[in-house]
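Below: one structure, written as structure tokens.
Coordinate-derived values only; no laboratory data. None of the values given here were measured: they were computed from a predicted structure. Heads up, the Cβs are rebuilt from the backbone with ideal geometry, glycines too, and the neighbour counts pull from every protein chain shown.
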Amino acid sequence: VEKHLRAIKALADTGDDAPLRKTVTTDQGSYYIPASRLSERSPEDLKTNAEDWGSTEDEPSVPHGVRFAIATVDVQKSAFVVQVHGFTATGDMVVIDGFKVRLS
């Protein structure tokens, strides 16, 4: 119990979860799930945070403050999966668009 309490204090003080992971897996014989995994956001949470930029198919736009955009392409068996990200002057990243290219 003392090791576990010290590990929790170390996590709170330093942000390092290695001691907690060790005591859970070795002393308690259980599997360790990081706190970040326990508080994952659901798709519904992300949808509630979505912002309408006033964009339409005829006149697409990006969020205010975006300085540059990049598109990444993931090659899959039956399609190219494209995601477009925008970056602000402070380095914040926003997802602008995502789509699949099935036919070329």
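Rounded to the nearest 500, what is the chain's calculated 222 nm mean residue ellipticity when only DSSP H runs of at least 4 contribute -39500 (n - 2.57) each, over all residues?
Numbers: 4 runs with 28 residues, N = 104.
The helix-only estimate for the chain comes to -6500 deg cm²/dmol at 222 nm.
May I ask you to list the lysines whose Cα is less than 28 Å away from that of Lys3, ignoring any residue fewer than eight positions away on the same chain?
Within the straight-line limit of under 28 Å, Lys3 reaches these lysines: Lys22.
Straight-line reach from Lys100: which lysines fall under 24 Å, measuring Cα to Cα and dropping same-chain residues less than 8 apart?
Straight-distance partners of Lys100: Lys47, Lys77.
Candidates (i) 42, 19, 13; (ii) 31, 20, 15; (iii) 39, 19, 13; which is the computed semi-axes √(5λ) of the Cα gyration tensor in Å?
Of the labelled values, this structure produces (i).
At 7 Å along the Cα-to-beta-carbon direction for both Val1 and Glu57, put a label point, then send me their distance in nm to one decimal.
6.4
Please state the relative contact order of the chain as a whole percent: Cα pairs under 8 Å, 6+ residues apart? Could you put the intermediate results ahead of the total?
Numbers: 102 pairs, mean separation 14.2, N = 104.
Relative contact order comes out at 14 percent.
To test your reading of the geometry: what angle, between 0 and 90 degrees and rounded to tens, separates the Cα axis of helix 2-14 from the longest principal axis of the chain?
40
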